[in-house]
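A.B. asks: Before I ask anything, let me first share the structure, which is written out below as structure tokens.
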Amino acid sequence: QAVAPCVLPGQAVEGPRRSDGAQHARMAQTANDSAQRRASLAGAKIITRLMHKDSEDCALTPSVYDQAIVMPQICRSAGYPMSLVHLSIRSYFFLLVNLFLQGFLLYMISTEEMVMDHFARKVSLCNFGAHVETCPDGANCIGPGGTNYQNAGRIYKWHMWSTRMFARDGLKKLFPDKAEEIEEKVDPGEYGLENYWVRFVCMFIFVMSVMDDARSTLSQLAIIMSVPTAPEMWIDYDLPDWAPKGEVKEKLEKREIDFVRFKVAGMPLYWKLINLTLITVPKGLIWWITLTNGTVFLMDTAGIQDIIVNTMALAFILNLDETICDLFSHKAAHFILDRIEPFALIDRSDAERESDDDSLAALRADTERSLLSMNMIPRRMVFALFITALFICKYYMRLCEWSPRGGLVSRTMALPKYKVYPFLSFVLPSVFPEAEAGEEYWSMPEE
């Protein structure tokens, strides 16, 4: 039973408000339109402010290389106070320590590859044993010992194969009258790859691990070349003037040091030359040597587990600069390096003055672009793939040759001339190649 509404004396009875539903619908539509406009405006700001960040900003990172660039300029801007002079001297000391450690480790790897391995009669791995599943009739089925792999059970790592070869040859020398029987019954196997594809995957991972160092080097170079050749200030005391300092600090919850601004600015020509010669060029050279020697080191690793572990081990060499900076640098240097502003290669101050309508117009123009665009391509990944392919090809061209039977095998190997790897050959192997004594210890066995 319907209940009649309660009506007070003298109150008029109102009819149903049919317009309430339409009013609520209009309000909801207005709210949706407002939310859509805000979302579109946010998307427009992303497109106009963030999409260019990758190629416009050069940032300095907490490492001994960047610290050696930043601290002297902060010191110069402040008028060379002794405390900052001491920090600048420490930054160059850490730079020298880092260069020594990185260079020493890379030199030891080069000595192992170019001297010790040759005296151990080691051959370049190339593609020995690759695609063993196609043996005995496929390419790369003849090992450095001159026998057919037949199957994966005859593949060994270098140290295991060389030991087995030594045992067999020792037996033949001890019992020369049974040499044929020993040759028949004692099978040392062959030196070869446990897996062909894992080398390429690990090479790509290795290149990825050093890409950040390459980007940092290019950022340093861009900063040195782009900043004005003038003694500009790298620090500033930026205090808002809308209220007294005490009130500003209280309202913004700031400390005195929070008003100090650190920025990349111009530097005199002599500082540019010092930074380029003592910091950027050595950093780039160490990166190149790491990639060159690391490629040979990984490509000559036969075992699956060994190459995965070696890939991770090589990456730490280029991370030593960050480790030294993190462990030994003064907290003041850490504070400065964490807060220094990136250097903008392109001035986009006009974008900050852009109206909301202009931003939305840019968004509409962006939505009308074709789906197929260069922005879809991850350029840094493509560059990493290119570097990987470049250094793998360099390895094959330098140390391998085509076999008449098919496949890539090691070039003829000879003993080195020196027992100590020449330093110039280590730094610039293409300009100062290591001389060989001419005594060949291995060549691909003939059929």
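The values are calculated or read from the model by the stated rules, or taken from the named source; none is laboratory data. As the structure is a computational prediction, the values presented were derived from the model and not from experiment. Here the Cβ positions follow ideal geometry from the backbone for every residue, glycine too, while neighbour counts run over all protein chains shown. Heavy atoms of the whole protein, side chains included, go into the accessibility calculation; ligands, DNA and RNA do not. Shrake-Rupley method; radii C 1.70, N 1.55, O 1.52, S 1.80 Å.
A.B. asks: Which order do K45, K185 take by accessible area at a 1.4 Å probe, largest first?
C.D. replies: K185, K45
A.B. asks: May I ask you to give the percent of accessible area on the stretch 82-122 that is carbon plus sulfur, with a probe radius of 1.4 Å?
C.D. replies: 79
A.B. asks: Which net charge results when you count Lys and Arg as +1 and Asp and Glu as -1 among the other residues whose beta-carbon is under 10 Å from that of K157?
C.D. replies: Result for the local shell: -2.
A.B. asks: Which lysines, on any chain, are close to K417 with Cα under 21 Å apart, when same-chain ones fewer than 8 places away are left out?
C.D. replies: Excluding near neighbours in sequence, the set is K122.
A.B. asks: How much accessible surface does K417 have with a 1.4 Å probe, in Å² rounded to 10?
C.D. replies: 120
A.B. asks: Once you have the Cα-Cα distance between T277 and K172, take 0.36 nm times their residue separation minus that, and quote the gain in nm to one decimal.
C.D. replies: Gain on stretching T277 to K172: 32.0 nm.
A.B. asks: From the phi of every residue in the stretch 286-292, what ³J(HN,Hα) in whole Hz does the Karplus formula 6.51 cos²θ - 1.76 cosθ + 1.60 yield, where θ is phi - 60° and glycine or proline is x?
C.D. replies: After applying 6.51 cos²θ - 1.76 cosθ + 1.60, I find 5, 4, 5, 5, 4, 5, 5 Hz.
A.B. asks: Compute, for W287, the solvent-accessible surface of its heavy atoms (probe 1.4 Å) with the complete set of protein chains present, and express it in square angstrom to the nearest 10.
C.D. replies: Counting only protein heavy atoms, W287 exposes about 30 Å² to solvent.
A.B. asks: Would you rank I274, I46 by solvent-accessible area, highest first, keeping every protein chain in place and using a 1.4 Å probe?
C.D. replies: I46, I274
A.B. asks: Express the accessible area of the stretch 379-433 per residue in Å², computed with a 1.4 Å probe while the remaining protein chains stay in the model.
C.D. replies: About 63 Å² of surface per residue is accessible.
A.B. asks: Still on this structure: Leaving ligands, DNA and RNA out of it, work out the accessible area of M225 with a 1.4 Å probe and give it in Å² to the nearest 10.
C.D. replies: The value for M225 is about 130 Å².
A.B. asks: Could you tell me the largest-minus-smallest coordinate of the C-alpha atoms of the chain on each of the three principal axes, in descending order and whole angstroms?
C.D. replies: 134, 81, 39
A.B. asks: Using only the heavy atoms of the protein chains and a 1.4 Å probe, how would V85, V64 rank by accessible area, largest first?
C.D. replies: Ranked from most to least accessible, the order is V85, V64.
A.B. asks: Just want to confirm a number: the relative contact order over the chain, from Cα pairs under 8 angstrom separated by 6+ residues, in percent.
C.D. replies: 26
A.B. asks: How many percent of the accessible area of the stretch 173-236 is carbon or sulfur, using a 1.4 Å probe?
C.D. replies: Whole-percent figure for carbon plus sulfur exposure: 61.
A.B. asks: Have a look at R339, R168, R255 and tell me which one the Gaussian network model of the chain (Cα, springs below 10 Å) gives the largest fluctuation.
C.D. replies: Highest fluctuation among the options: R255.
A.B. asks: For the stretch 274-359, what does the accessible surface come to per residue with a 1.4 Å probe? Please give it in Å².
C.D. replies: 50
A.B. asks: Filter the GluC sites (Glu not before Pro) in the stretch 321-409 down to the DSSP loop ones having no more than 13 other Cβ atoms within 10 Å, then list what survives.
C.D. replies: Qualifying residues, ordered by number: E368.
A.B. asks: Working out 0.36 nm times the residue gap between V427 and N319, then minus their Cα-Cα distance, what length gain in nm do you get to one decimal?
C.D. replies: Working it through step by step, the gained length comes to 36.9 nm.
A.B. asks: If you roll a 1.4 Å probe over the heavy atoms of the protein chains, what accessible area per residue do you get for the stretch 58-147, in Å²?
C.D. replies: 39
A.B. asks: Let me ask you something else. Report, in listed order, any pair from K45/K263; K283/K394; K272/K394 with a Cα-Cα distance greater than 28 Å.
C.D. replies: Violating the 28 Å Cα-Cα cut-off are K272/K394.
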